[in-house]
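A.B. asks: Have a look at the structure that comes next, please.
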Amino acid sequence: WIDTWNNKFEKLGAEIVIPGHGTPTNMNEVRKYTHDYLVYLRQEVAKVLENDGGLQDAYKIDMSAYQHLDTFTDLSQRNIGRVYRAMEFEDFE
């Protein structure tokens, strides 16, 4: 998703974005609450992995900057788990 944003989506120059859920928004909001969220999450999970931390350590990542998002309660921990599991094996690809 991050690569698609950086290499394709942002270059479209759209002013309004109609997301799969939520209300129509602008590119700055999408960047801030989706792109930047994912970049931050990957950076924090990378730190956990670099320190030989496990999934339980990853679940302690401070995501409070995003707690105002509608899906935060339902998805925050799930997203941490998914990103951790994906990144855990990236060095082996």
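A.B. asks: Could you tell me how many of the residues in the range 46-57 are exposed (fewer than 11 other Cβ atoms within 10 Å of the Cβ) and among the charged types (D, E, K, R)? Before the answer, list the steps.
C.D. replies: Step one: filter the range 46-57 for residues exposed (fewer than 11 other Cβ atoms within 10 Å of the Cβ), giving 50-52, 56.
Among the residues that remain, those that are also among the charged types (D, E, K, R) are: 50, 52.
Number of matching residues: 2.
A.B. asks: Continuing with the same structure: So in the range 61-76, with the set limited to residues that are surrounded by 15 or more Cβ atoms within 10 Å (Cβ to Cβ) and over 12 Å from the mean Cα position of the chain (by Cα), which one is modelled with the highest pLDDT?
C.D. replies: Selected residue: ILE61.
A.B. asks: Please go through the range 77-90 and pick out each residue that is within 12 Å of the chain's Cα centre (by Cα) and within 14 Å of LYS47 (Cα to Cα). Reasoning before the result, please.
C.D. replies: To start, the set of residues in the range 77-90 that are within 12 Å of the chain's Cα centre (by Cα) comprises 77-84.
Scanning the range 77-90 gives ILE80, VAL83, TYR84.
A.B. asks: In addition: Report the residue count in the range 9-20 for those that are in contact with a strand residue (DSSP E or B) (Cβ under 7 Å, 6 or more places away or on another chain), part of a loop (DSSP other than H, G, I, E, B) and exposed (fewer than 10 other Cβ atoms within 10 Å of the Cβ).
C.D. replies: 1
A.B. asks: Which pairs do you get when a residue that is under 12 Å from LEU38 (Cα atoms), found in the range 67-87, comes within reach of a residue that is modelled with pLDDT of 95 or more and hydroxyl-bearing (Ser, Thr, Tyr), reach meaning Cβ atoms under 8 angstrom, with the pair 6+ apart or on two chains?
C.D. replies: ILE80/TYR59
Residue by residue, here is whether (1) surrounded by 10 or more Cβ atoms within 10 Å (Cβ to Cβ); (2) at pLDDT 90 or above holds:
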{"position": "ASN7", "(1), (2)": "no, no"}
{"position": "PRO24", "(1), (2)": "no, yes"}
{"position": "GLU44", "(1), (2)": "yes, yes"}
{"position": "TYR59", "(1), (2)": "yes, yes"}
{"position": "ARG78", "(1), (2)": "yes, yes"}
{"position": "ALA86", "(1), (2)": "yes, yes"}
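A.B. asks: Filter the range 1-59 down to the residues that are more than 18 Å from LEU69 (Cα to Cα), free of Cβ contacts under 8 Å to residues at least 12 places away in the same chain and among the acidic types (Asp, Glu) and list them by number.
C.D. replies: Matches in the range 1-59: ASP3, GLU50, ASP52, ASP57.
The values are calculated or read from the model by the stated rules, or taken from the named source; none is laboratory data. Computed from a predicted model, the values in this text were never measured in an experiment. Neighbour counts run over all protein chains shown; Cβ positions are idealised from the backbone, glycine included.
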